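Some notes on the structure that comes next.
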Amino acid sequence: MSNFETSAAIDETDQHLLRLLQTDARMSITELAERVNLSATPCARRVKRLEDNGIITGYHAQTDAQKLGYPLAVFIAVSMDRHTAERFEQFEQKVQSFDEVVSCSIVTGRTEDYLIKVRVRDMAHYEEFLLHRLNRIEGVAQVHTSFELREVFSRSIVST
């Protein structure tokens, strides 16, 4: 099934369920059902269908990086020396193993190949991460760093 077909199957009630779960994933089926004006069984079926179709991909606890001691957010644009599937696969596996990396994307429209977001305790932690781990991944040719001053907002997509 294509993405278009999947999104076409999502109605207003599904969208409302998704918004509610993104706000509070621990909300009970009973409370969800009340908030979307359904009984519990049809509500549970809808949530299950959204999970089965891969629209809901999981549930997690959102944490405060600052309170956990990781106040510094860093965006690192990475250029690779060669553009081969093997080189990219090796980089992706290695960077995914670093706890500091919170996201990694292949990008276009820039000279760099990847954009990763990293959370660190301070500049010394960032320096250790950059010099002793990221730059030692085979194939990393160049990095460009930008520091996040303040995250304005972050959210997941809910269809309109």
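The values are calculated or read from the model by the stated rules, or taken from the named source; none is laboratory data. Bear in mind that the values here come from a model prediction, so they are computed numbers and not experimental data. Every residue, glycine among them, receives a Cβ derived from its backbone with ideal geometry; neighbour counts consider all protein chains shown. Areas reflect the complete protein model, heavy atoms only, side chains present, ligands, DNA and RNA absent. Shrake-Rupley method; radii C 1.70, N 1.55, O 1.52, S 1.80 Å.
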- Query: Within the range 26-47, is there a residue that is farther than 25 Å from Arg133 by Cβ, under 17 Å from the mean Cα position of the chain (by Cα), at pLDDT below 95 and open to solvent by 20 Å² or more (accessible area, probe 1.4 Å)?
  - Reply: no
- Quick check: is even one residue across the range 2-9 more than 19 Å from the chain's Cα centre (by Cα), modelled with pLDDT under 95 and acidic (Asp, Glu)? yes
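Inspect the range 115-125 for any residue being assigned to a helix (DSSP H, G or I), modelled with pLDDT of 95 or more and open to solvent by less than 70 Å² (accessible area, probe 1.4 Å) and give the result as yes or no.
In the first step, residues of the range 115-125 are kept if they are assigned to a helix (DSSP H, G or I); the result is 123-125.
Now restrict to residues that are modelled with pLDDT of 95 or more: 123-125.
If we keep only those that are open to solvent by less than 70 Å² (accessible area, probe 1.4 Å) too, we end up with 124-125.
Yes: the range 115-125 contains one or more residues that are assigned to a helix (DSSP H, G or I), modelled with pLDDT of 95 or more and open to solvent by less than 70 Å² (accessible area, probe 1.4 Å).
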- Message: Tell me whether the range 65-80 contains one or more residues that are surrounded by 13 or more Cβ atoms within 10 Å (Cβ to Cβ), assigned to a helix (DSSP H, G or I), polar (S, T, N, Q) and in contact (Cβ under 8 Å) with a residue 40 or more places away in the chain.
- Response: no
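Quick one: would you say Cys104 is at pLDDT 95 or above, assigned to a helix (DSSP H, G or I) and either closer than 27 Å to Tyr114 by Cα or not aromatic (Phe, Trp, Tyr) (or both)? Quick ask: steps written out before the conclusion?
Values: at pLDDT 95 or above: yes; assigned to a helix (DSSP H, G or I): no; either closer than 27 Å to Tyr114 by Cα or not aromatic (Phe, Trp, Tyr) (or both): yes.
For Cys104, the condition - at pLDDT 95 or above, assigned to a helix (DSSP H, G or I) and either closer than 27 Å to Tyr114 by Cα or not aromatic (Phe, Trp, Tyr) (or both) - is not met.
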- Message: Please go through the range 74-97 and give me each residue that is under 11 Å from Ile116 (Cα atoms) and either of a type outside the set (D, E, K, R) or in contact with a Gly (Cβ under 8 Å, 6 or more places away or on another chain) (or both), ordered by number.
- Response: Val74, Phe75, Ile76, Ala77, Val78, Val95, Gln96
- For Gln62, state whether it is closer than 25 Å to Gln15 by Cβ, open to solvent by 50 Å² or more (accessible area, probe 1.4 Å), free of Cβ contacts under 8 Å to residues at least 12 places away in the same chain and assigned to a loop (DSSP other than H, G, I, E, B). yes
- Task: Name every residue in the range 126-160 that is at pLDDT 95 or above, aromatic (Phe, Trp, Tyr) and either loosely packed, with under 12 Cβ neighbours inside 10 Å or within 17 Å of Glu92 (Cα to Cα) (or both), in order of residue number.
- Result: Phe129, Phe147
- Given the conditions (1) closer than 18 Å to Glu127 by Cβ; (2) out of contact with any Leu (no Cβ under 7 Å at 6 or more places or on another chain); (3) not basic (Lys, Arg), every one holds for Phe75 apart from (2)
- Item | Residue check for Ile55: over 30 Å from His144 (Cα atoms), open to solvent by less than 70 Å² (accessible area, probe 1.4 Å), touching a residue at least 40 places away in the same chain (Cβ under 8 Å) and out of contact with any Pro (no Cβ under 6 Å at 6 or more places or on another chain) | yes
- Task: Mind telling me which of the residues Gln93, Gln15 ends up being part of a helix (DSSP H, G or I), out of contact with any helix residue (DSSP H, G or I) (no Cβ under 9 Å at 6 or more places or on another chain), of a type in the set (S, T, N, Q) and open to solvent by less than 60 Å² (accessible area, probe 1.4 Å)?
- Result: Gln15
